[in-house]
Amino acid sequence: MLRKFSNSRTLNDNILLGVLTAFVAGMVNIGSLIIFFSFTSNVTGHYAILAAEVVKGNWYQVAVVFGWIFLFFFGSFTSNLLIINFNKKNAYFAHAIPLVLEIICLMTVGIYGMYFYRESLTETELLMALMLFAMGLQNGLTASISNFAVKTTHLTGTTTDLGILMSMFTQRQFRMNPELRGKAKLLGSITLSYVIGAILSGFAYYTIGFKMFYLVSVVLVVVIMYDFNKLHIKRLLHNPKKENVTERAKVASGLDSIRQPKKKEIPAF
């Protein structure tokens, strides 16, 4: 899910990444809606709130909402900055770091919510800021490594694209196009996973409260460990001793050929 980059990714790579991260986004978004009465997996509504607060002249709220939007932007900026600077050195490392930062943000929200949260406005604004930064990290990561094929923190564009694809599938020539069918499969999987994550998160919050964010973090750990385990298994299957023996044999063979005296050629008459 995390090792491959851009056009080298397969449809299954994108579907697996999209399903798990959309599940996370759905969980985070419904959690913020239930707890803080606001969305955190996208900033479309926040732009409208920003404009409304400017009209009303509520400059403190303008600053807060602008800060939320900026943190979502900065999360995406940070993800792609890490990817373009470290991708050539270690693609897995470059792609995993944004998820590690996201886990730290969400775990902070969960721990603070369990032990320190007093439901004050300032606390709510700061926790919202952390969650928006986390979602920016995730959306920036999935979009960057999938060549913008996977965006999982909001479904506006996904729903639009699905509507367009469904209209195209009314004609046989488009229904038989494997690329369009693959795209529809990807978008449908992301949408379904987002909704399932949101529903389960709602039930989880009413059962375990802020511990719900621990569950979200576990899903992200699964994303990180999936590729790590595949890399580890490949290393175990790869036998360096065998390779070393082969290399030594090649070297010995080369030395033998050097040591053997060349036969004198007898000129033909």
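A few remarks follow.
- The listed peptides 128-139, 149-160, ordered by packing as a protection proxy, come out as 128-139, 149-160 (highest mean of other Cβ atoms within 10 Å first).
- In terms of the mean number of neighbouring beta-carbon atoms within 10 Å, the peptides 113-125, 201-213, 27-39 order highest first as 27-39, 201-213, 113-125.
- q = 0.16, 0.17, 0.20, 0.25 Å⁻¹: log10 I(q)/I(0) that the Debye formula gives for the range 7-104, counting C-alpha atoms only: -0.86, -0.93, -1.11, -1.34
- Scattering from the range 6-259 was approximated by placing one identical point on each alpha carbon and applying the Debye formula without solvent; log10 I(q)/I(0) at 0.08, 0.10 1/Å stands at -0.40, -0.58.
- Rounded to the nearest 20 debye, dipole of the range 68-215 from Cβ charges on Lys, Arg, Asp, Glu: 640 debye
- Estimated dipole of the range 6-259 in Debye, rounded to 20 [Cβ of Lys and Arg +1, of Asp and Glu -1, Cα centre]: 1120 debye
- For residue 146, residues with placed amide H under 5 Å, excluding near neighbours: 6
- Given charges at Cβ of Lys, Arg, Asp, Glu: the range 73-202 dipole, positive-most of 73, 182, 111: 182
- Contact order for the range 79-196, expressed relative to its length and based on alpha carbon pairs under 8 Å spaced 6+ residues apart, stands at 22 percent.
Read the figures in this text as sums done on the coordinates, not as results from a lab. Model, not experiment: these values are computed from the prediction. Neighbour counts run over all protein chains shown; Cβ positions are idealised from the backbone, glycine included.
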